[in-house]
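The values are calculated or read from the model by the stated rules, or taken from the named source; none is laboratory data. Keep in mind that what you see is a predicted model, and the values were worked out from it rather than measured. Cβ placement follows ideal geometry from the backbone for every residue including glycine, while neighbour counts extend to all protein chains displayed.
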Amino acid sequence: MKQELSAGAVICKKIQSVWNVLLIRDMKGYLTFPKGLIEKGEESVEAAKREAAEETGCRDLAYRTTLPDVQYFYTRGGQSIRKNVQYFLFISTHNMPLTPQKEEGITELVWMPVKTAISTINYERSNKPVLIAANEYLEKLLKA
């Protein structure tokens, strides 16, 4: 069975004192996080930042913490693939317009309050635990 290793970015930003997360609308029309394959010789955190920049145009990212990994299986061209995604939490100070990477099937970019996103995000079995972990980290920041 083929295996793939990807890195994903959970990008958060305070908007009017509320933590928001940047979600992409993928080629299936689902809200999810930017992610992609880790290139040879590339560190996972750097791959997540690169993918975020490519898919959203968001470049001002500060790494904060590692989030839970996600594993799942999918089929492409009749072949079963085991995918492992390493997720990282970034804080954004990006204030410029964002640009969805349309050639990758990304049709929309949405800033959404994290607590709303927890109940709205698609791929719930994989994305929701990652977003809950990010929210727990952000709530600790508020208390500090």
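Where in segment 47-139 are there strands (runs of 3 or more DSSP E), lying fully within it, with 3 or more residues that are surrounded by 20 or more Cβ atoms within 10 Å (Cβ to Cβ) and either touching a Cys at 6+ places or on another chain (Cβ under 9 Å) or modelled with pLDDT under 95 (or both)?
Once the strands (runs of 3 or more DSSP E) in segment 47-139 are filtered for at least 3 residues that are surrounded by 20 or more Cβ atoms within 10 Å (Cβ to Cβ) and either touching a Cys at 6+ places or on another chain (Cβ under 9 Å) or modelled with pLDDT under 95 (or both), what remains is 79-92.
I want to confirm something. Restricting to segment 3-31 and keeping residues that are within 15 Å of the chain's Cα centre (by Cα) and among the hydroxyl-bearing types (S, T, Y), which single residue is surrounded by the fewest Cβ atoms within 10 Å (Cβ to Cβ)?
So the residue we want is Y30.
Identify the single condition in (1) modelled with pLDDT under 95; (2) closer than 28 Å to M1 by Cβ that K143 does not satisfy, given that it satisfies every other one.
Against the list (1) modelled with pLDDT under 95; (2) closer than 28 Å to M1 by Cβ, K143 comes up short only on (2).
For segment 113-139, give me each residue that is aliphatic (A, V, I, L, M) and touching a Leu at 6+ places or on another chain (Cβ under 9 Å).
Within segment 113-139, V114, A117, I118, I121, V130, L131, A133, A134, L138 qualify.
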